[in-house]
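Some notes on the structure that comes next.
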Amino acid sequence: MDIQQTIKRLEQVTGISNLNFLSKPNHVHTATLVVNGNEYVAYRIQYNNDRGPYKGGIRFHPMVNRTEVELLAFWMTIKTALVDIPMGGGKGGVTIDPKLLSEESIQKVAREYVRSFNNILGVNIDIPAPDVYTNPQIMSFMLDEYELINNCSEPGMITGKPLEIGGSLGRDTATAMGGLFCIDEACDRLGLKDARVIVQGFGNAGSNIAKLLYDKGYTIIAVSDSKGCTFSDSGLNIDLLISHKQINGTVKGYAEDLDNIFSLPCDILIPAALENSINLDIAKKVQTKLIVELANGPVTTEADDMLHERNILVIPDILANAGGVTVSYYEWVQNKTGLYWDATQVNNKLKLCMLKALNTVWDLYEVQGRNFRDAAYTIAIKRLYSAHKLRKG
Ligand code: GLU
């Protein structure tokens, strides 16, 4: 479903008849980055800032295109409203395969990106962060370039930085930690005990959620990454699996190899890779009770409706993975005040924020009689609509 169709559906779901202001981004910025004689297309899309400065990550991936970045920027707008942080939504991307580039070239791409978009970024304007295939080191190069160009110290212009240059404790594990708070609460509400879990994707979000769940006593029976899947009926040792991936570059080969993990029976399925991983066909086959979207957009709209019919609860991305941007907001607050918090403070605040959002959505879901995503969107859209009305009348 594209943004226009989503807006139509949301007008129906929320009963608000004029959501036109959310049907397209405020600004679309594009550039061509020239690095070592190669040209890469780059985007920064500023979707909406009615509730605060534009906020959202930058991804480096060969599939990046304008439509995708626009949708991701729209989702950021909804996400920040749902967890009620004073920020808007934006997203960036470069169409590039960083796996084929040297570290030196990646650094050049990062610096070139900031040079191209310097005028439209800023601590009170638009604050990037990591996303797919970008990381704290890339954020460091981007901050360095920004401060060189503008002759200033402005750590809050970007989040997801290393601790040494103004990052926040807890930011590296924040997406997974937010997901864990949702999973624990959902298991309580659904009466799920000794849950068996499958994790699709073993990047930042996937590996951290597997580790956090494993440490809490959940049984992780299968994990996949872009190269393959590994399975153990009695549960994988995630500490050993992380070492295996560090040595071999994949989870494959750690335990029993499988072609596919989606049709295995489990209690919780966590897609933590890319968009559209669970389509209608897969949604008909999954054997799970709960899906927690740690990636952005992993379940297609048709699949979502099918899962609802099949009584499988889906905690949507705009809630399940909002821990990342929430701790990015905490990082920005710390940078602006110059006062830094310990890990317990960060995680306690994150827990309160996530549970408040989850419980608000759950209460509405129970009375609204639609799917969980519709309830989450309803809450976010109402906040966005009233901020917009207050500004524009
Ligand atoms: N890229 C992450 C997301 O999609 C984090 C964004 C941020 O921290 O600004 O939510």
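Since every read-out is calculated from the coordinates, none of them should be taken as a lab result. No experiment lies behind these values; they were computed from the predicted model shown. Backbone-built Cβ (ideal geometry, glycine too); neighbour counts: all protein chains shown.
Ranking LEU169, LEU258 by Cβ neighbours within 10 Å, fewest first, what do you get? Please report the intermediate quantities before stating the final value.
Details: LEU169 20, LEU258 15.
So the ranking, lowest neighbour count to highest, is LEU258, LEU169.
In summary, the aspartates and glutamates within cross-link reach of LYS79, defined as a Cα separation below 15 angstrom excluding same-chain residues under 8 places away, comprise ASP50, GLU70, ASP131, GLU293, ASP317, ASP374.
Taking other C-beta atoms within 10 Å as the exposure proxy, ILE315, ILE125, ILE3 rank ILE125, ILE3, ILE315 from fewest upward.
Normalised radius of gyration for the chain, please: alpha carbon Rg relative to 2.2 N^0.38 Å, two decimal places.
Working: Rg = 20.1 Å, N = 393, 2.2 N^0.38 = 21.3 Å.
Cα-based Rg divided by the globular estimate yields 0.95.
Can you give the FRET efficiency to the nearest 0.05 for ASN276 and ASN151, using r as the Cβ-Cβ distance and R₀ = 41 Å?
E(calc), rounded to 0.05, equals 0.40.
Pairs over the 25 Å Cα-Cα cut-off, from the set LYS245/LYS289; LYS99/LYS285; LYS55/LYS216; LYS161/LYS351; LYS161/LYS336: LYS245/LYS289; LYS99/LYS285; LYS55/LYS216.
Reducing the range 1-36 and the range 287-363 to their Cα centroids gives an inter-centroid distance of 21 Å. Near ILE220, the amide H atoms lying under 5 Å from its own belong to VAL197, LEU236; only residues 5 or more places off or on other chains count, and H is placed 1.01 Å from N. Short-range pairs are left out: with C-alpha atoms under 8 Å and at least six residues apart, the relative contact order of the chain is 16 percent. Derived scalar couplings between HN and Hα for the range 43-55 equal 10, 9, 10, 9, 7, 8, 10, 5, 9, x, x, 4, 9 Hz in order, rounded to whole Hz, by the Karplus curve 6.51 cos²θ - 1.76 cosθ + 1.60 (θ = phi - 60°), x for Gly and Pro. In this structure, the amide hydrogen of HIS61, modeled 1.01 Å from its nitrogen in the peptide plane, lies closer than 5 angstrom to those of VAL94, ILE96, counting only residues at least 5 positions away or on a different chain. Using the Karplus relation 6.51 cos²θ - 1.76 cosθ + 1.60 with θ = phi - 60°, the per-residue 3J(HN,Hα) values for the range 91-104 come to 7, x, x, 10, 7, 7, 10, x, 5, 9, 10, 6, 4, 5 Hz, with x marking Gly and Pro.
Cβ-Cβ distance of LYS356 and SER386, R₀ of 22 Å, FRET efficiency by 1/(1 + (r/R0)^6): the value works out to about 0.75. In order along the range 144-156, the phi-based Karplus estimate (6.51 cos²θ - 1.76 cosθ + 1.60, θ = phi - 60°) of 3J(HN,Hα) comes to 4, 4, 4, 6, 5, 5, 9, 6, 8, 10, 9, x, x Hz; Gly and Pro are listed as x.
When the chain is treated as a GNM, springs tying every alpha-carbon pair under 10 Å, which of SER207, SER102, SER232 comes out with the largest mean-square fluctuation? Its mean-square fluctuation being the largest, the pick is SER102. How many nm separate the modelled label positions at SER17 and THR32, each set 7 Å beyond the Cα in the direction of the Cβ? Taking the two extended label points, one gets 4.7 nm. Amide H contacts of PHE202: SER226, each under 5 Å away and 5 or more positions distant or on a separate chain (H built 1.01 Å from N in the peptide plane; Pro and chain starts excluded).
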